[in-house]
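Following: one structure in structure tokens, then a few remarks.
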Amino acid sequence: MTTDSTAAWTAAFRSAVVSPYETIDLFELRGFAGHTLRQIIRLDGGGTALRIRLSNRYGKEPLHIGGARLARRTEGSGIDSGTDTPVRFADAEDFTIPVGEEIVSDPIDGPVTAGDELAVTLWLPDDTGLSTYSAVPLRTGWAVPGNALTTPTLDGAEGLEELATRHYITGADVLAPADTRIAVAFGDSWFEGTGTTHDTDHRFPDLLNQRLRDAGSNGWVVNQGISANRLLTDEIGEHALARLERDALTVPGVTHVLIHFGLNDLGIPGQEAYPEPAPIPTAADLIAGFTALADRIHAAGLTATATTIGPYKDTIYDGYSTPEGIAVAREVNDWIRGADSPFDSYADFAAAVADPADPDRIHDDHDSGDGLHVNDAGAKALADSVDLATLTI
């Protein structure tokens, strides 16, 4: 491929992954044997070439991939066959990912732009065991028996399965101008997008990207949210302090990190113990965790923006919302808004979607229906709460 000394590999899509071997079991766990997977990624930014990242981080056996293809998506599981191209890794079309590792493809030359929808098709000839996966990608994927790597559409195929989870794909990078600014949305379901409409790209990072494009920004946001993820405790996914290096600080091109954590630290213990009470972190515990995040982000030379903990009173999940947890969230939010916060700036998520008559709960107009997650309108309110100037400093 051609090279450009003014360009650098830059994250253009991310999909944070979790282990299928966790104790808390909220999502469908899958393995594959003799299947073709076709999964869609939507680029947050563009460049002159592209490379794909695949992961066997949590697999217990080497992952044999008999072939990988990349094409522009048309509709449903359909692809534009004229754009279909093999994805090679170390110049091989048939390759194996060792246990615990992630690999990056050889570059695929040719321009791509923000909003491009690309189909990544994988042929998995052998038993994979339970897969490394993304819990709530909000993008339909497909699995069919047999080798259908180059099949123009899988719609209507015998044995077709729709997948609500994403498997093995952790990202795509593009060759972009070296001064491109990348913000990583590093957090929980309020970033991953739970509660917003499937297959519509109405998550908070998507809508913030739209604002950035409308403003003529040369950068974008990539999404590293994990639903049910916590600041201080593992599951779902490694806790924020454990995954910060991999999922934020070393993302190619990163200049800014956006943070949203705390909800699950306060809610999951009670939900898991219900109907019994459960101990939860104190405000001091969460503040210490947030401070450690900010310090490590700054030590990496990056800008850190916090978001206040979203409201969740009256959520439908038994045991999740408690008066004690609500009080801690209020105290932490006051700290995030105050002069003692170590963050460079903050976006007031809580205020953006709260019911003015009862600020501890989500306003009905912004509620997805479960009292814990925002809908499309709520995600827009979150995106609108971010001062774009904080992403360009």
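The values are calculated or read from the model by the stated rules, or taken from the named source; none is laboratory data. Keep in mind the model is a prediction, meaning the values are calculated, not measured. Counting neighbours? That spans all protein chains shown, and the Cβs are built from the backbone with ideal geometry, glycine included.
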Can you find even one residue in the range 129-138 that is over 14 Å from Leu63 (Cβ atoms) and outside any loop (DSSP other than H, G, I, E, B)?
-> yes
Can Val174 be described as under 18 Å from Leu43 (Cβ atoms) and either of a type in the set (S, T, N, Q) or modelled with pLDDT of 95 or more (or both)?
-> yes
Among the numbered conditions (1) more than 24 Å from the chain's Cα centre (by Cα); (2) buried (at least 22 other Cβ atoms within 10 Å of the Cβ), tell me where Thr121 comes up short.
-> (1)
Looking only at strands (runs of 3 or more DSSP E) that fall completely inside the range 288-386, which ones have 1 or more residues that are touching a residue at least 60 places away in the same chain (Cβ under 8 Å) and aliphatic (A, V, I, L, M)?
-> 345-347
Got at least one residue in the range 30-47 being within 30 Å of Glu235 (Cβ to Cβ), surrounded by fewer than 17 Cβ atoms within 10 Å (Cβ to Cβ) and either within 23 Å of the chain's Cα centre (by Cα) or outside the structural domain of His167 (by TED's automatic domain parsing) (or both)?
-> yes
For Thr96, indicate whether it is polar (S, T, N, Q), in the same structural domain as Ile52 (by TED's automatic domain parsing) and either over 25 Å from Glu192 (Cβ atoms) or assigned to a loop (DSSP other than H, G, I, E, B) (or both).
-> yes
Would you please list the contacts, defined by Cβ atoms under 8 Å and residues six or more apart or on different chains, that run from a residue in the range 179-204 that is within 15 Å of Thr305 (Cβ to Cβ) and at pLDDT 95 or above to a residue that is assigned to a helix (DSSP H, G or I) and small (Gly, Ala, Ser)?
-> Val184/Ala248; Phe186/Ala240; Phe186/Ala248; Gly187/Ala240; Phe204/Ala379; Phe204/Ala383
Which of the following residues is in the same structural domain as Leu372 (by TED's automatic domain parsing) and over 29 Å from Asn209 (Cα atoms): Ile259, Ile280, Ile297, Ile287?
-> Ile280
Quick one: in the range 346-365, of everything that is under 15 Å from Leu382 (Cα atoms) and of a type in the set (Gly, Ala, Ser), which residue is surrounded by the fewest Cβ atoms within 10 Å (Cβ to Cβ)?
-> Ala351
